[in-house]
Amino acid sequence: MEVEIEEDDEAYNKNNGVKRAVIAVAIGNTVEWFDYASYTYLATVIAAVFFDSGNSQAALIGTFAVFAVSFIARPIGGLVWGHFGDKIGRKKILALTIIIMSMSTFAIGLIPGYASIGIGAPLLLLLCRLVQGFSASGEYAGASAFLAEHAPSKKRGLLVSVVPASTAAGLALGAIVATTLEVSLTQEALHSWGWRIPFLAAGPLGFIAMYMRRKLEDTSHFKELEEADEVDESPVATSLKDNRKGLLVALGIVCLNAVGFYIILTYLPTYLSEELGFNSAVSTLTTILSLVTYVFFLPIVGKIADRVGRKPVLATACILFILLSYPAFVLLSYGGMFAIGAQILLGAILAANDGVMATFLTEIFPTKSRYSGFGISYNLGNALFGGTAPLIATSLIAASGNQYVPAFMLMTAAAVAFTSLFWSKETAHKPLRQH
């Protein structure tokens, strides 16, 4: 085992392609998730533009309903992209997903509002969001598998942590742009044309990212399958047949990532402004602190997981969420420095989970069906637990009047993930599975 790892490290040090892969994945992933995040951080504006403004809460629920329904495309996309990613290679699919995401985001920036075309506005918005969801389903799994197959065993956790870090960077960029628009434009300007800026910017950014990805080499793991003529013709079917336990374990672990990601990093600005009465710009600014904390801790967590293993780190994150989610949301309600401290705490705990989750998922599936296995479990989990999280939180708060609903959602998801860990094996310090 030690010899394999040392040879792996030597190959890593000599291969500049690893650095290019990390840079291209990071930039492309940042662009893709900036596109995706722009919708959430401008949710209150989109609610006013695309829905009947007579009932602001109903319009906001409608906005998050479109957000949730768009996740129907995620499991479908996971099957499609997983199949082709395992059949024709990771690189080609990553180049394709980024341009589809960018063009669908660009199209959102061109849709007339409800005042102009009535019900056609939210319907067109939903169509574009479905295409976005279809594209996003291939990004996270593909980028993680691509980097994992480039990385040496000793550094796999650290390098794959670039995927969630660049995802958060895209969210942070979306938050910064949204905040800048909100503080620099009048409400009339923001609602008439200002909100369109980040969506229209997606076009040129997407072409730049696609160009960078097309210049990459595919992974040696996939090339070896091609050279040996062992590429699976039906990788999705193989994954469903041979990796059922792995898929169930992965789905349970993804539950915490999905709920945590969409509650803490995307829904929280709306929660702070709509449920707690914070100024919308202040809400987004304070949420950026969660993102910064999250990005800061991700590589640290990845490096720790390379030393102590994946399961101890994932289990620690689950326990922290169970113990600290409710106190954190109580602190949020106090505002000021208490709210800032709570968001930093939540960002750090989420990083403890996400900094190793992507690596863990790449390691439990074999090369022949890695993209498929990761894609199915990750996207199904996000469709069931993540895309619905803002809608469920908003609806339950409206129905119950309990502002701590998001905390209970996080605690439940952590309990599910913690239970799933008992059915898994440690995957660190080993070569990637080939079969």
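Taken together, the residues in region 111-152 that are of a type outside the set (Gly, Ala, Ser) and free of Cβ contacts under 8 Å to residues at least 40 places away in the same chain amount to 7. Among residues of region 272-307 being hydrophobic (A, V, I, L, M, F, W, C) and not in a helix (DSSP H, G or I), the one that is farthest from VAL177 (Cα to Cα) is LEU276.
Yes or no, residue by residue, for (1) among the β-branched types (Val, Ile, Thr); (2) in contact with a strand residue (DSSP E or B) (Cβ under 6 Å, 6 or more places away or on another chain); (3) in contact (Cβ under 8 Å) with a residue 24 or more places away in the chain; (4) not in a helix (DSSP H, G or I):
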residue	(1), (2), (3), (4)
ALA351	no, no, yes, no
LEU361	no, no, yes, no
TYR371	no, no, yes, no
ASN382	no, no, yes, no
ALA398	no, no, yes, no
ASN402	no, no, no, yes
SER420	no, no, yes, no
ARG433	no, no, yes, yes
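Listed here are the residues, each with its yes/no results for (1) surrounded by fewer than 24 Cβ atoms within 10 Å (Cβ to Cβ); (2) within 16 Å of THR270 (Cα to Cα).
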position: GLY341; (1), (2): yes, no
position: VAL356; (1), (2): no, no
position: SER369; (1), (2): no, no
position: GLY375; (1), (2): no, no
position: LEU391; (1), (2): yes, yes
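With respect to being touching a Lys or Arg at 6+ places or on another chain (Cβ under 6 Å) and crowded, with 19+ Cβ neighbours inside 10 Å, ALA428 fits the description. Evaluated against (1) under 30 Å from THR412 (Cβ atoms); (2) buried (at least 18 other Cβ atoms within 10 Å of the Cβ); (3) out of contact with any His (no Cβ under 7 Å at 6 or more places or on another chain), LEU205 falls short on exactly one condition, (1).
One residue stands out among those in region 5-18 that are in a helix (DSSP H, G or I), of a type outside the set (Asp, Glu) and closer than 23 Å to HIS429 by Cβ: the one that is modelled with the lowest pLDDT, which is ILE5.
All conditions but one from (1) surrounded by 24 or more Cβ atoms within 10 Å (Cβ to Cβ); (2) of a type in the set (S, T, N, Q); (3) under 27 Å from GLY77 (Cα atoms) apply to SER325; the one that does not is (3).
Assess whether ALA151 counts as being touching a Gly at 6+ places or on another chain (Cβ under 9 Å), over 24 Å from LEU380 (Cβ atoms) and crowded, with 24+ Cβ neighbours inside 10 Å. Yes, satisfied. PHE261 passes every criterion in (1) farther than 17 Å from ALA165 by Cα; (2) modelled with pLDDT under 90 apart from (1). In region 257-280, the residues that are under 22 Å from ALA413 (Cα atoms) never reach a residue that is basic (Lys, Arg) and not in a helix (DSSP H, G or I) with C-beta atoms less than 6 angstrom apart, at least six apart or across chains.
A single entry from PRO269, PRO198, PRO204 fulfils the requirement of being modelled with pLDDT under 85 and either in contact with a Cys (Cβ under 8 Å, 6 or more places away or on another chain) or part of a helix (DSSP H, G or I) (or both): PRO269.
Within region 39-53, the set of residues being in a helix (DSSP H, G or I), closer than 16 Å to ALA107 by Cβ and at pLDDT 80 or above comprises ILE46, VAL49, PHE50. Kindly check whether there is at least one residue in region 407-418 that is under 21 Å from ASN257 (Cβ atoms) and at pLDDT below 90. Looking through region 407-418, none of the residues is under 21 Å from ASN257 (Cβ atoms) and at pLDDT below 90. Scanning region 74-90 for residues that are in contact (Cβ under 8 Å) with a residue 40 or more places away in the chain and more than 15 Å from the chain's Cα centre (by Cα) gives ILE76, LEU79, VAL80, TRP81, GLY82, HIS83, GLY85, ASP86, LYS87, GLY89, ARG90. Within region 286-332, can you find the residues that are touching a residue at least 60 places away in the same chain (Cβ under 8 Å) and basic (Lys, Arg)? LYS303, ARG310, LYS311, listed by residue number.
Only one of the numbered conditions (1) crowded, with 17+ Cβ neighbours inside 10 Å; (2) modelled with pLDDT of 85 or more is violated by PRO312, and that is (1). If you filter region 219-236 down to residues that are within 20 Å of GLY78 (Cα to Cα) and either in contact with a Cys (Cβ under 6 Å, 6 or more places away or on another chain) or not β-branched (Val, Ile, Thr) (or both), you find that the one that is surrounded by the fewest Cβ atoms within 10 Å (Cβ to Cβ) is GLU233.
The values are calculated or read from the model by the stated rules, or taken from the named source; none is laboratory data. Quantities reported herein were computed from a predicted structural model and do not represent experimental measurements. Glycine also receives a Cβ, built like all others from the backbone with ideal geometry; neighbour counts cover every protein chain displayed.
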